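Below: one structure in structure tokens.
The values are calculated or read from the model by the stated rules, or taken from the named source; none is laboratory data. Note that the structure is predicted; figures quoted are calculated from it, not measured. Using ideal geometry, Cβ is built from the backbone for each residue, glycine included, and neighbour counts are taken over all protein chains shown.
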Amino acid sequence: MAIVGQHSPILYQAINAYFQLIVNVVLDHKGDLLKFAGDAVFIEWKATVDVNLETCVESAVKCGAEIISRCADFSVLENGANLDSGCLVTTSAAAKVDTLNVHCGVGAGQMVGVHVGDHQLRREYLLLGQPIQQATVATDFANLGEVAVSPEAHALLTRVCHLDRDVGRISGRTPVVLADRSHLKFCSRTRMGMHQPKIVNSVSRGVTKHVEGLETQDLKKYRRMMSLYVHPVVVDNDLAAADNLKRIKKIQKSAQERHREEAEIRNVYVMFVNPILETKVTKNEKANREMYKTLNDIMNLSSREINRYCGHLRQFIVDDKGLVMIITFGLRGTTIPNLVAQRALPATISIHNAIQSELGVKCKVGATIGEAYCGVVGGVKRHEYAVLGPSVNLAARLMASKMNPGILVDNNVRMLAHRSFGFNALPPVTAKGYAEPVPIFEPLSPLERSWGKLQPNFVGRKDEILQIMGMARDMVLKESPSRLVIVQGKSGMGKSTMVAHTIEHIRKLMGANKHRLIVTKNVSKESDALIPFGWVYCILVCFRCLALLSNIFSLY
């Protein structure tokens, strides 16, 4: 969604007015909006005893077709006065807004809902299953202004609908386009159409009956449990609004008015975290339970680190990029001086390393900082707190990049943290919302950056240095066999500094005797503890390379 603007109320109107149109169509077709993911929406039609899966697919495609009909090629400038947001989008703001467009994808099959998290920090509701992958593939297949269905959804639809000749006999692994801006390529087999499925709302799920008749204290406890699923900024804003109402006895504003006032443009650090974990649900229940446990462990571990560095979890979701967590720093309640160097980047490295070392799950992270729209997106009845902007899209792109060695950041992050962290420059990438290729960098920890530097006021450790130097002299002057020296000691005793100064002495010794010295270093990470003899791996690889070079040179 290409929306640019400096005034958050106007931006709020443009974004949410368009989402409101989509929400209205979905609710008219009895769909249940589950999650907002950036500029995408996940919608569910749940099969029940009364409504079969074929009927759900039909309703989903018809809903997509109406969304295309009403929302494709939508000019905010032309339709600003008619947007169902309660406000007029001014010409000056609308002139900055591109035509909004949409495409839809439909998948069908069995899904699983998993609650992850704890009862203290944060919880999320994850949706797993093939229909998500099917829908994302179908969406990518559809052009703007089209609705595409997966082969599985197409097969179900043929049982209850008449399809046009050009799409009725298609089979295979390729999605099928069943609707565009002007044409629906199927119709119901009954004159009145198939029975519409019922929305799976709070009443039908049994939520309302559980809170009816509860005492005030129990209601507060229930609210606290539900708030764990809500973005912390929204929870804090609601608590502040309730407190403000008590203090000044002001007439309470509608949620929509309050959300509009709270929407803002902020400079936000955003990281996309992708634990490389297979989330496919199989018939093996034991394997499924192990996967659910790992998901819960990832959620709890990440929440622990986010809380330690005072950040916010925006979302934990399974989408076309796989398993993804979106974490932010810089929203209300998380802004401090030197935010990137002191909290955001250390948290990024800590979360990445913890997932790999504590859970044994490989992980890729992309992180950026830049201006973004921060506020509620959606309609009156369905909405979610989001962070939108080019820098957010870039973070997702860096996370998914094939060049990602583990963590990638943009140049803005590097500029704000270069005094505390080192960075390896990688080839620039092209990204949506950026006219020129974007420089990207791999961050190095402060230890990796400073290891090996000589301390000008270094004193002590004379005996240890002399002992190592004695072995080095024997190797240089007497050509004695190679030696391996292991230095042990508690953390903080100065092992690294002592070794750095010893290497410098050896360097001078080798130079004085006209010998070449090759120095390699490897700063072990927490995840290396899972690799047998991981601490000597770098040394052994170096020796192997030297042996190969020696053999090559001996041929000449």
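Can you tell me which residue among VAL273, VAL281 is modelled with pLDDT of 95 or more and of a type in the set (A, V, I, L, M, F, W, C)?
Details: VAL281 fails: modelled with pLDDT of 95 or more.
The unique qualifying residue is VAL273.
While we're here: Looking only at residues in region 69-82 that are among the small types (Gly, Ala, Ser) and either crowded, with 20+ Cβ neighbours inside 10 Å or modelled with pLDDT under 75 (or both), which one is nearest to LEU184 (Cα to Cα)? Let's see the steps before the verdict.
To start, the set of residues in region 69-82 that are among the small types (Gly, Ala, Ser) comprises 69, 72, 75, 80-81.
Narrowing further to those that are either crowded, with 20+ Cβ neighbours inside 10 Å or modelled with pLDDT under 75 (or both): 75, 80-81.
Working: SER75: 23, GLY80: 28, ALA81: 29 Å.
Applying the filter and picking the extreme gives SER75.
Do you know which residues across region 153-176 are surrounded by fewer than 19 Cβ atoms within 10 Å (Cβ to Cβ), of a type outside the set (Gly, Ala, Ser) and free of Cβ contacts under 8 Å to residues at least 60 places away in the same chain? Quick ask: steps written out before the conclusion?
Filtering region 153-176 down to residues surrounded by fewer than 19 Cβ atoms within 10 Å (Cβ to Cβ) leaves 155, 158-160, 162-174.
Narrowing further to those that are of a type outside the set (Gly, Ala, Ser): 158-160, 162-167, 169-170, 173-174.
Scanning region 153-176 gives THR158, HIS162, LEU163, ASP164, ARG165, ASP166, VAL167, ARG169, ILE170, ARG173, THR174.
Give me the residue from region 351-373 that is among the aliphatic types (A, V, I, L, M) and closer than 30 Å to ALA263 by Cα and, out of that set, surrounded by the most Cβ atoms within 10 Å (Cβ to Cβ).
Among those residues, the one meeting the criterion is ALA367.
Yes/no per residue for (1) modelled with pLDDT of 90 or more; (2) within 14 Å of VAL23 (Cα to Cα):
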position: ASN52; (1), (2): no, no
position: GLY64; (1), (2): yes, yes
position: ILE67; (1), (2): yes, yes
position: ASP84; (1), (2): no, yes
position: SER92; (1), (2): no, no
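Which of the residues spanning region 302-318 are over 10 Å from the mean Cα position of the chain (by Cα) and of a type outside the set (Lys, Arg)? Reasoning before the result, please.
Filtering region 302-318 for residues over 10 Å from the mean Cα position of the chain (by Cα) gives 302-312.
Across region 302-318, the qualifying residues are SER302, SER303, GLU305, ILE306, ASN307, TYR309, CYS310, GLY311, HIS312.
Another question about this same structure. Out of (1) more than 16 Å from VAL116 (Cβ to Cβ); (2) in contact (Cβ under 8 Å) with a residue 60 or more places away in the chain, what's the single condition that is false for CYS310?
Every listed condition holds for CYS310 apart from (2).
Checking LYS514 against (1) at positive phi; (2) at pLDDT 75 or above; (3) of a type in the set (D, E, K, R), only one condition comes out false. Which one?
(2)
Taking the condition in a strand (DSSP E or B), at pLDDT 75 or above and not hydrophobic (A, V, I, L, M, F, W, C), does GLU124 pass? Spell out how you get there, then give the answer.
Details: in a strand (DSSP E or B): yes; at pLDDT 75 or above: yes; not hydrophobic (A, V, I, L, M, F, W, C): yes.
Against the criterion (in a strand (DSSP E or B), at pLDDT 75 or above and not hydrophobic (A, V, I, L, M, F, W, C)), GLU124 qualifies.
Among the hydroxyl-bearing types (Ser, Thr, Tyr), assigned to a loop (DSSP other than H, G, I, E, B) and either modelled with pLDDT under 75 or in contact with an Asp or Glu (Cβ under 8 Å, 6 or more places away or on another chain) (or both): does that describe SER491?
Details: among the hydroxyl-bearing types (Ser, Thr, Tyr): yes; assigned to a loop (DSSP other than H, G, I, E, B): yes; either modelled with pLDDT under 75 or in contact with an Asp or Glu (Cβ under 8 Å, 6 or more places away or on another chain) (or both): yes.
Yes, satisfied.
So which residues in region 113-127 are farther than 18 Å from VAL41 by Cα and either among the hydrophobic types (A, V, I, L, M, F, W, C) or touching a Phe, Trp or Tyr at 6+ places or on another chain (Cβ under 7 Å) (or both), if there are any at all? Steps first, answer last, please.
Our first condition is that a residue be farther than 18 Å from VAL41 by Cα; within region 113-127, this holds for 114-123.
Those that are farther than 18 Å from VAL41 by Cα and either among the hydrophobic types (A, V, I, L, M, F, W, C) or touching a Phe, Trp or Tyr at 6+ places or on another chain (Cβ under 7 Å) (or both): VAL114, HIS115, VAL116, LEU121, ARG123.
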